[in-house]
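Some notes on the structure that comes next.
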Amino acid sequence: MGAASITSISAVLLILGVVLILVLSINNVVLDTKVKFDEIEVFLEDDLESTVLDNIEDKVKGQTGVISIMFRSKDQALALMKEEWGDEAYLLEGLDTNPLPDSYVVKVNDIEFAENLVNTIKTLDGVEEVKYYKDIIDKLLIFAGYIRFGGIVIIGILVFISVFIISNTIKITVSSRRREINIMKYVGATNGYIRGPFIIEGILFGIIGAALSIGLVYFGYDYFYSSMNEKLYNLFTFYLVSPESIFSDIAIMFGTIGAGIGALGSLVSLKRFLNV
Amino acid sequence: MIKFVNICKEYKAGVTALYNINTEIDKGEFVFLVGSSGAGKSTLIKLLLKEEGITSGKMFLNNKDITWVPNRRIPYIRRQIGVVFQDFRLLPNKTIYENVAFAMEIVGAHPKEIRRRVPMILSMVDLSRKAGSYPDQLSGGEQQRVSIARAIVNNPPVLIADEPTGNLDPDTAGEIMRVLQDINNRGTTILMATHAKDIVNSMKKRVIALEGGRLVRDEEKGGYSVEIPNI
Ligand SMILES: Nc1ncnc2c1ncn2[C@@H]1O[C@H](COP(=O)(O)OP(=O)(O)O)[C@@H](O)[C@H]1O
Ligand SMILES: [Mg+2]
């Protein structure tokens, strides 16, 4: 009886763990990408007076969310480009003049909310064009949103199913103690008094189930992580969340959900028997 | 103590178990509720225990209107009514002592009070020697006395017994009646549903008779049936 409850809670939490790691890894990718793309490039008109440059610098610094602003001359920009192009850099050798403009590189707090900032910068004197990776960020955020939503839906369904399973297994315990419950009711026991032991039992099942699944998820993922993390990085240039970093979150979350499912399952299964 | 005013009980559409019951039982009375099987005795008791809802009419306990009480209040009504059934309803895996103590634990009695009171009640029903036994080691009469002990251990003002002697031979039944009389002598109001003619006739108590869900007779010091044969 207990074994069935514990197993089903474990199974649910196990699937939950997989979903969770997926969601967290996607989150990781999003965060990573956001950090990589936390720059706004402000391209400047040619041959600006230093007063105009100072003005731009001051105005940008005064905006909320701006971490730093750095001037990048056209020569520095070209050097950087050569570096990035690597083996193909020889293609740049044929240029007579440097076609790149001077620019400012503005680092921001959160690229997600940079739109206002960009619009403000665009209106400044001497600014030719402002570029940032809004499209990529937007797409990524939408994608991450879907994953999160899907994860929540799956988790919701799983929790519902497991409450159902638990309530049915606990129902067997309850019905074997039906006589006792009936007598308690006649003597004037409150529903709370009667529920108590069953809820504690449910919570206990939930916590044992959670402990099992925490172990399985942790060691299973640790194995997967140590064998796959490098390969995934080489293929897709992103890292998985590390097992250590999610262990305490998973432990707390599984413990809470397991105990909650157990308690809820008990409550559901008792409902019918308390109406004496 | 207990008052029924125009009580009707219909189980499902068409199944009416009680019609217009009007009666009042005073504090300290000992009342027999008689009638053949299906007359509505148990139904009346179930209404009092709030096990079944009332279809129409009003019901009072201790001058309080208990016609309708919210579910969470029902346990507190039941604590004022001790109840004994034909089938004893003891917990088989608890000792006699534990079966009685259990009733006090449920209402949150102090452990010290439980240790003081349970032996006292067990001695009152003459079961002190059996405190450590389990229900299946006791005779039917003894088991019923345990269930009576459990019903009165919290000192309720009212004790209800639904056919308490139904499973017992006449001698044992007499024993149970002596215990109930004893309890009544200490001031507890008793309402006992029965169709044991001999007991009712010998005890000369107030008799309320039900027939097909109607109250047909209410007689002080009455017998099981009136002398005139039924038509
Ligand atoms: N739960 C129930 N549902 C429907 N009818 C019931 C129920 N309980 C009792 N009855 C009916 O009510 C009538 C009175 O029953 P009951 O009060 O048990 O009689 P008694 O205790 O006098 O033998 C009977 O006709 C019986 O069939
Ligand atoms: Mg009956």
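The values are calculated or read from the model by the stated rules, or taken from the named source; none is laboratory data. Here the structure is a predicted model, which is why all the values come from computation and not from measurement. With ideal geometry, Cβ positions are generated from the backbone for all residues, glycine too; neighbour counts draw on all protein chains shown. These area figures cover heavy atoms from the full protein model, side chains too; ligands, DNA and RNA do not enter into them. Shrake-Rupley method; radii C 1.70, N 1.55, O 1.52, S 1.80 Å.
The residues listed here are A:Gly65, A:Gly86; of these, the one that is surrounded by 14 or more Cβ atoms within 10 Å (Cβ to Cβ), at pLDDT below 85 and on the phi > 0 side of the Ramachandran plot is A:Gly65.
Checked against the criterion of being more than 10 Å from every other protein chain (Cβ to nearest Cβ), without any contact (Cβ under 8 Å) to a residue 12 or more places away in the chain and within 16 Å of ligand 1 (Cβ to nearest atom), the candidates B:Gly14, B:Gly57, B:Gly40 yield just one match: B:Gly14.
Whenever a residue of segment A:75-87 is over 15 Å from A:Tyr104 (Cα atoms), its partners that are in a helix (DSSP H, G or I) and among the aliphatic types (A, V, I, L, M), lying with C-beta atoms within less than 6 angstrom and at least six residues away or across chains, give the pairs A:Lys82/A:Ala89; A:Lys82/A:Leu92. Across segment B:184-205, the number of residues qualifying as open to solvent by 20 Å² or more (accessible area, probe 1.4 Å) and over 18 Å from B:Thr165 (Cα atoms) comes to 3. Scanning segment B:43-54 for residues that are in contact (Cβ under 8 Å) with a residue 24 or more places away in the chain and either of a type in the set (D, E, K, R) or surrounded by fewer than 17 Cβ atoms within 10 Å (Cβ to Cβ) (or both) yields B:Lys50, B:Glu52. Between B:Val153, B:Val158, B:Val179, the distinction of being more than 19 Å from B:Phe32 (Cα to Cα), β-branched (Val, Ile, Thr), away from ligand 1 (no atom under 16 Å from the Cβ) and modelled with pLDDT of 95 or more belongs to B:Val153 only.
Exactly one residue among B:Val146, B:Val83, B:Val100 is closer than 27 Å to A:Pro197 by Cα, in a strand (DSSP E or B), within 13 Å of chain A (Cβ to nearest Cβ) and of a type in the set (A, V, I, L, M), and that residue is B:Val83. Taken over segment B:109-124, the criterion of being more than 14 Å from B:Asn155 (Cα to Cα) and assigned to a loop (DSSP other than H, G, I, E, B) is satisfied by B:His110 alone. Of the residues A:Val174, A:Val163, A:Val159, which single one is touching a Phe, Trp or Tyr at 6+ places or on another chain (Cβ under 6 Å) and in the same structural domain as A:Val23 (by TED's automatic domain parsing)? None of the other options fit; the residue is A:Val174.
Among residues of segment B:69-80 being within 19 Å of B:Val158 (Cα to Cα) and in a loop (DSSP other than H, G, I, E, B), the one that is least open to solvent (accessible area, probe 1.4 Å) is B:Val69. In segment B:29-39, which residues are within 14 Å of ligand 2 (Cβ to nearest atom) and open to solvent by 10 Å² or more (accessible area, probe 1.4 Å)? Scanning segment B:29-39 gives B:Ser36, B:Ser37, B:Gly38. Only one of the numbered conditions (1) away from ligand 1 (no atom under 16 Å from the Cβ); (2) within 14 Å of another protein chain (Cβ to nearest Cβ) is not met by B:Glu29, and that is (2).
For segment A:107-128, a residue qualifies if it is under 31 Å from the mean Cα position of the chain (by Cα) and of a type in the set (Lys, Arg), and exactly one does: A:Lys107.
Within segment B:127-152, residues that are over 24 Å from B:Ile81 (Cβ atoms) sit with their Cβ atoms under 6 Å from residues that are open to solvent by 60 Å² or more (accessible area, probe 1.4 Å), at 6+ positions apart or across chains, in these pairs: B:Ala131/B:Tyr97. Scanning segment B:12-50 for residues that are touching a helix residue (DSSP H, G or I) at 6+ places or on another chain (Cβ under 8 Å) and among the aromatic types (Phe, Trp, Tyr) turns up B:Phe30, B:Phe32.
On inspection, B:Gly141 does not qualify as away from chain A (no Cβ under 14 Å), farther than 21 Å from B:Ala161 by Cα and either assigned to a loop (DSSP other than H, G, I, E, B) or not basic (Lys, Arg) (or both).
To keep it simple, each residue is scored yes or no on (1) of a type in the set (Val, Ile, Thr); (2) in contact with a helix residue (DSSP H, G or I) (Cβ under 6 Å, 6 or more places away or on another chain).
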{"position": "A:Ile136", "(1), (2)": "yes, no"}
{"position": "A:Leu140", "(1), (2)": "no, yes"}
{"position": "A:Tyr146", "(1), (2)": "no, no"}
{"position": "A:Met184", "(1), (2)": "no, yes"}
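Among the residues making up segment A:157-197, those that are more than 14 Å from chain B (Cβ to nearest Cβ) and open to solvent by less than 40 Å² (accessible area, probe 1.4 Å) are A:Leu158, A:Ser162, A:Val163, A:Ile166, A:Ser167, A:Thr169, A:Ile170, A:Thr173, A:Val174.
Pairs linking a residue in segment A:233-245 that is more than 13 Å from A:Val30 (Cα to Cα) to a residue that is open to solvent by 30 Å² or more (accessible area, probe 1.4 Å) and modelled with pLDDT of 75 or more, with Cβ atoms under 7 Å and 6 or more positions apart or on different chains, are A:Ser242/A:Tyr225; A:Pro243/A:Tyr218; A:Pro243/A:Asp222; A:Pro243/A:Tyr225. Is segment A:135-144 home to any residue that is among the small types (Gly, Ala, Ser) and modelled with pLDDT of 85 or more? Within segment A:135-144, not a single residue is among the small types (Gly, Ala, Ser) and modelled with pLDDT of 85 or more.
Summed over segment B:155-205, the residues that are more than 14 Å from chain A (Cβ to nearest Cβ), small (Gly, Ala, Ser) and within 16 Å of ligand 2 (Cβ to nearest atom) give a count of 3. Scanning segment B:60-72 for residues that are facing another protein chain (nearest Cβ under 10 Å) and either within 12 Å of ligand 1 (Cβ to nearest atom) or not polar (S, T, N, Q) (or both) turns up just one, B:Arg72. If a residue has to be open to solvent by 30 Å² or more (accessible area, probe 1.4 Å) and hydrophobic (A, V, I, L, M, F, W, C) to count, how many in segment B:119-155 make the cut? The total comes to 2.
Among the residues of segment B:105-118 satisfying the criterion of being modelled with pLDDT of 95 or more and surrounded by 15 or more Cβ atoms within 10 Å (Cβ to Cβ), which is nearest to B:Leu168 (Cα to Cα)? Among those residues, the one meeting the criterion is B:Val118.
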